[in-house]
Structures are given as structure tokens and as C-alpha cells.
Amino acid sequence: MKVNCTFEIVSPVRVSRRRMKRTMPEMKRARRPDVKLVILGDMNVGKTSLLHRYMDKKFNDTISTVGGAFYLKQWGPYNISLWDTAGREQFHGLGSMYCRGASAVILTYDVTNWQSLAELEERFLSLTDTANHDCIYSVVGNKADLTDPSNAEEDYEGGCPVHTQHYACHLIPLASPTTVSPVANREVQKEDAVALYQRILRYKALDERLSPPAERMCFETSAKTGANVDELFETLFEMVLPSILRMRSESEASPTIDLEDYGPVSSKQTKGGCC
Ligand SMILES: Nc1nc2c(ncn2[C@@H]2O[C@H](COP(=O)(O)OP(=O)(O)OP(=O)(O)O)[C@@H](O)[C@H]2O)c(=O)[nH]1
Ligand SMILES: [Mg+2]
């Protein structure tokens, strides 16, 4: 449905200063997402946790995503829609719908689970065929905290770091402490992610010399500790900025709006509903 209209928006942030009457282009900017990023990957790799960490700076309990959900992030003057998707097989078909019109896709695996990396090429890469022609791709290994020796914990009552082997801590070790050797947890090496990124470029028939380098597009993150999470999203936002500017100049010309573009957005950083 396309309509011509201008209406008044009172932004909760500005209501103390002044009520604003915006013309169409400003109203469009205030509400309509400028660009779309999608996060894909097998179930349980931490897609939702990464979005919660970035949007809310928290690592809280999650339930397995049903269908998909979107978040609207205001980044400077730009509105970026972040689409979370379900990794479960039963929702696989929805992935290509969520990727439609995407300017960046985050392909996520679990560094402690080799199969989650393999699934990206076997099951998820083809879903990105509906993304924009100039879409960028990031390969993200999450749960890096599980392979970080400094995070090692022994199974004590209350927990005591493994490097205090002489039990300096006050806790009495259990009869047979189970030491988690974090490095042994790692199943995917960084080189494996780089190799996958290069195969993605070939799949997309992109010239590697003209594409963003692997070291810029491959990340290891932890939604639990927050490691590299802001860097991941902010790097991608910077990289899609040219697409935003291009699409804005194209949309300036169109005086109509499509009300279906306006999700249930009511404040600056708003979580969309499940779609
Ligand atoms: N240690 C650790 N656990 C994590 C991390 N990220 C997510 N988890 C845990 O992994 C489990 C799955 O996390 P989700 O964010 O729900 O995974 P998902 O990819 O959204 O899963 P689906 O919605 O089913 O596709 C939860 O128990 C999280 O607490 C991380 O960085 N480190
Ligand atoms: Mg999820």
C-alpha cells in the first residue's frame, strides 16, 4: 500500500525539547530502516546472544528462536535493521526471505563445534542468494571464551581458576576436580574460517582482490564476555555506509512511502517483534 502523507512524530528522546513536525523525507529517515543486516547460522551458535550483547550489553538466557526477529538500531543518523534468524532446520526455508535485500550477512558458527562451520556452507550460504548484489559477508566464530585458557575453570564447589593448581583459593577441591582444558575445546581454527570466507567469495563470483580482505571479515567473538562484539557490528555498519548513502539518494526521489516498511517502531533503539 503506497500513500502520500506527512504526520507529526514526537520522538521520546526529544519530547522535552520540542515537538517536531517532519516533512516526508525526515519522517522517512526517522522511521524507515536505511539498511538491513542478517545473522545466519546453525542453532545454538549464539546468534541471538550476540544481538542481545550488542543491543543491550547483556548476556542473558535465551530460548531457541522461532522464525525470526528484528531489532532496529539507530547508528548516528542511520537506522539499521538487524535480523535474527532461527538455526533450526524446520525454519530453514525462511532464511532466504530474511536475506532479501540484505546489505550484510553475518555467517555464524561455534568455535567449539566443527559441524556448525560446515553447516554454513552446506545449508546457509545458498540462502544468501536473495541478498543485495553488493552485500558483504562476515564469518564469525562465537563462544571464543570457551577456548580461552584464562577463562578455564575447575569443577570446584563455587569454582576456582585452574591456574591456581596449588589451590591457593579458599575452596576445598572436589575429590576429583574435572579440569576443562579450553584449548582442547576448540574445533575450528581461524584458518578454517578464512578458507570458508574465500570459498564464499568464489561462490558469489566475487574477485578476491576487489573484496574486503578475510582478516577484516573473519571475527572470533564471545557473546558471554562481549569480546569483539561491538567491533563486529560497528565494522559492518561502516562498511555498508556507501550502500546506505546510495539507497538514500535513490529514495529521496520517491515521494511515497510504503506503510509496510514501518515496523512497530516507537523509540530510538527498538526491538521488533517476532515475524
Ligand atoms: N560460553 C558461551 N555461551 C554462549 C555464547 N553465546 C551463546 N551462548 C549460549 O549458547 C546457547 C545458544 O545461544 P543462542 O543465542 O540462543 O543461539 P542461537 O544461535 O540464537 O540459536 P537458535 O535461535 O536456536 O538458532 C545459550 O545457552 C547461550 O547462553 C558465548 O559467546 N559463550
Ligand atoms: Mg536465536
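The numbers here are math on the coordinates, done by the rules we state, and not lab data. What you are looking at is a predicted structure, and each value in this text was computed from that prediction instead of being measured. Cβ atoms come from the backbone with ideal geometry, glycine included; neighbour counts cover every protein chain shown.
Look at K36, K224 and count the other Cβ atoms within 10 Å of each Cβ; fewest to most, that gives K224, K36.
Between M43 and H133, the contour length at 0.36 nm per residue exceeds the Cα-Cα span by 29.7 nm. Computed extension gain for D230 through E121, at 0.36 nm per residue and net of the alpha carbon distance, reaches 36.7 nm. The listed peptides 212-222, 229-239, ordered by packing as a protection proxy, come out as 212-222, 229-239 (highest mean of other Cβ atoms within 10 Å first). Model label points for M55 and Q74, set 7 angstrom from Cα along the Cα-to-Cβ axis, are 1.6 nm apart.
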